[in-house]
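Bear in mind that the values in this text are calculations on the coordinates, not laboratory data. As the structure is a computational prediction, the values presented were derived from the model and not from experiment. We place every Cβ from the backbone using ideal geometry, glycine too, and count neighbours over all the protein chains shown.
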Amino acid sequence: MTYSLTFRARGEVADLLLIGGEEPRLLVDLSTEPLTDDHGPRRHTPRATFTLTDPELIRRFLHEVKPGDLAEAEGTFRQGDYIPHRTTCIDTVFTVTAFKRLSRRKETEPARSIPQTEPPAAQRLAAPALLH
């Protein structure tokens with residue numbers, strides 16, 4: 001018998017972070033609430049972070065999905081070593097094994113993501129091998 005833990009998540013893509021190195025990862029924040037309201041961008045929406053580790057899946061995600069898009073992801077999760085993060089530790093990793101973009105943010109709408117300190121193009125330079 002094989003055991004597994006799986007998930008399915010649907011939300012607005014709030015943020016992306018590409019981490020280069022020997023084992024590149026793409027971290028994707030999905031928000032369960034809209035990133036904007038009548039007053040503009042919302043800084044604190046309920047969200048969770050999901051990880052893509054497969055290089056082809058990372059390439060496809062970066063090509064097809066942008067912040068503000070509605071996406072659905074599924075995959076596996078596991079509890080492992082504690083990873084320090086700011087003032088707490090992360091012990092559960094959600095690894096995306098499949099995804100699809102459900103809708104695209106209209107180009108006439110204002111950007112829904114909170115302005116980043118580093119533009120996506122600069123983040124993508126962190127792992128140039130993934131983009132070829």
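Under 14 Å from a label point set 7 Å out along the Cα-to-Cβ vector of residue 74, the amide N atoms of the stretch 5-34 belong to 5-10. Against the compact-protein benchmark of 2.2 N^0.38 Å, the Cα-based radius of gyration of the stretch 7-100 scales to 1.10.
Given the peptides 9-19, 45-55, arrange them by the average over their residues of other C-beta atoms within 10 Å, most packed first.
Working: 9-19: 19.3, 45-55: 17.0.
Per-residue mean Cβ counts within 10 Å order the peptides as 9-19, 45-55.
For residue 22 and residue 3, compute 0.36 nm times the residue count separating them, minus their Cα-Cα distance, and round to one decimal in nm. Before the final figure, lay out the partial values.
Numbers: separation 19, 0.36 × 19 = 6.84 nm, distance 2.87 nm.
The residue 22-residue 3 span can extend by a further 4.0 nm.
Going highest first, how would you order 60-66, 1-7 by mean Cβ packing within 10 Å?
Put in order of decreasing packing, that is 60-66, 1-7.
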